[in-house]
DNA sequence: TATTTTTGTAATAAAACTGTAACAGTTTTG
DNA sequence: CAAAACTGTTACAGTTTTATTACAAAAATA
């Protein structure tokens, strides 16, 4: 599975553990250790799912959840609340404020994974699907193969990730910065111009002689997968 | 989000902080550090929302708020009052004098942002919407595409921004100076006649053969998106 | 470890966009 | 009606942004 997950959690041990395991499953994981940054990062990177601690240093997970669910633009991002308490009433409260699921610490990783997958399948089929298409472009996440007009195409790792990201939100324009955080990951130090080069490599790979460029350049804004 | 926000606040640190964060969110921000200039600037630039300090060197925020709310032309601009005091009675007072919301310092940026967005959604849907139409003209901020009569149109960055600005307040006339500060940004050094040229480019792009010009020239005043 | 693949950057080329000035045309004013 | 004020249009040089290429370093693979 190839989804962007954001974790907002102040206990470093949990972050490390979950981050490690989710990465191994193929997820792209970013994290924040307090509410303020978490909220900002979620809006910036538009993750496919959020794991959030109930209690947080400054802005609580409950607050962030409420804020996100109030906003049309973000309310569809599924949120799983993590909490130390196992009270039934908290669960009710969590669901009331709009959280999509609720899991008590300590939890087993397989349990967490199952819930994540269930939510993603429900809320963002394109993220959970094994095979996604856009026009005559097809990407198979199980075999990690990409096809254009039924012909297989070879892509390097970065180009593959780039395409996988684009295809989840076709036609939407992403800035170089957004692409860097979503495809390369957080706190990585790469020139934004580097995106251009990978865009070129991706174009070279997926475009067919004589057909329209599948990647649209939007001057002063970024790129989008389009046709 | 693409809205023009004006801040009237004498504490430079707050201005800097808020300005920086709002810019990153995509807002276009201008600011004044005293009441006199603030009042003038608000009338001049017609922002989509105003953040105003309760106490100000000369003309107090309370006064400005009252003045604006008394004037039909400006009373619909949402105003958020910033104050150091957290008294409940002040909140009542703020709302009484016409402020639309009230936030006490120190405040967290996410909280401010949430309130700003909530207000904008309520008062100026066209600022918060992803897709806006004016007649058979449509602008999609996600894909950054513009359509006239369902046919896609190519616009350069400046023309796109210009149209995006016009469409938020259709029919309203903007002077060249207003357009410069709102579309180009503050403290930029561009001849006001340059606006003419971009207006021409925009016209050329969006107008259809045989139909009325969508941009109206108002002699000695400026331009408006009209029909 | 040697070989191959992938990656990021910098340099350069190409393309798109911008602002200005000049002049033409139009409307208003005296 | 002539002068003045304002707007429309055009061309173009300069600037900014994007495309392309080559290459060295890093990473993966054999």
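Computed from the coordinates by the stated procedures, all read-outs in this text should not be read as laboratory data. Being a predicted model, the structure only gives us computed values, none of them experimental. Quick reminder, even Gly has a Cβ in these numbers, built from the backbone with ideal geometry, and neighbours come from all protein chains shown.
Contact order for chain A, expressed relative to its length and based on alpha carbon pairs under 8 Å spaced 6+ residues apart, stands at 15 percent. For the protein assembly as shown, the spread of Cα positions along the three principal axes, ordered from largest to smallest, is 65, 61, 35 Å. Taking the helices alone, chain B has a mean residue ellipticity at 222 nm of -12000 deg cm²/dmol, built from -39,500 (n - 2.57) per DSSP H run of at least 4 residues and averaged over all its residues. Among A:8, A:173, the ranking by other beta carbons within 10 Å of each residue's beta carbon, starting with the fewest, stands as A:173, A:8. Taking chain B as a Gaussian network of alpha-carbon nodes connected by springs under 10 Å, the highest mean-square fluctuation of the residues B:21, B:187, B:37 belongs to B:187. The angle between the Cα long axis of helix B:61-70 and the longest principal axis of the Cα atoms of chain B comes to about 50 degrees, rounded to the nearest 10.
Paramagnetic label reach from residue B:196 (point 7 Å along Cα→Cβ; backbone nitrogen cut-off under 19 Å): within the range B:152-174, residues B:159, B:174. FRET efficiency for the residue B:212 to residue B:122 pair, using the beta carbon distance and R₀ = 35 Å, is estimated at 0.60. Modelled this way, with points 7 Å down the Cα-to-C-beta line, the labels at residue A:140 and residue B:66 are 7.4 nm from one another. In nanometres and ascending order, the distances from the residue B:157 label point to those of the other copies are 3.3 (point 7 Å from Cα along Cα→Cβ). In nanometres and ascending order, the distances from the residue A:11 label point to those of the other copies are 3.6 (point 7 Å from Cα along Cα→Cβ). Rounding to the nearest 10 and keeping the result within 0 to 90°, find how far the Cα-based axis of helix B:35-45 lies from the longest principal axis of chain B. Helix B:35-45 and the main axis of chain B meet at about 20 degrees.
Within chain B, antiparallel bridges make up roughly 50 percent of the DSSP beta bridges whose residues both belong there. As a proxy for reagent exposure, B:186, B:226 were ordered by neighbouring Cβ count within 10 angstrom, fewest first; the result is B:186, B:226. Residues B:223, A:102 in ascending order of nearby Cβ atoms (within 10 Å, fewest first): A:102, B:223. In terms of its C-alpha gyration tensor, the range B:4-127 has a rounded overall shape, because the principal axis ratio a/c (a ≥ b ≥ c, square roots of the eigenvalues) stays below 1.5.
Remark: the range B:130-225 is approximated by an ellipsoid whose semi-axes, taken from the C-alpha gyration tensor as √(5λ), come to 21, 15, 12 Å, largest first. In this simple spin-label approximation, residue B:111 and residue B:40 carry label points 7 Å from Cα along the Cα→Cβ vector, and these lie 3.4 nm apart. The long axis of helix A:109-123 is offset from the longest Cα principal axis of chain A by roughly 60 degrees.
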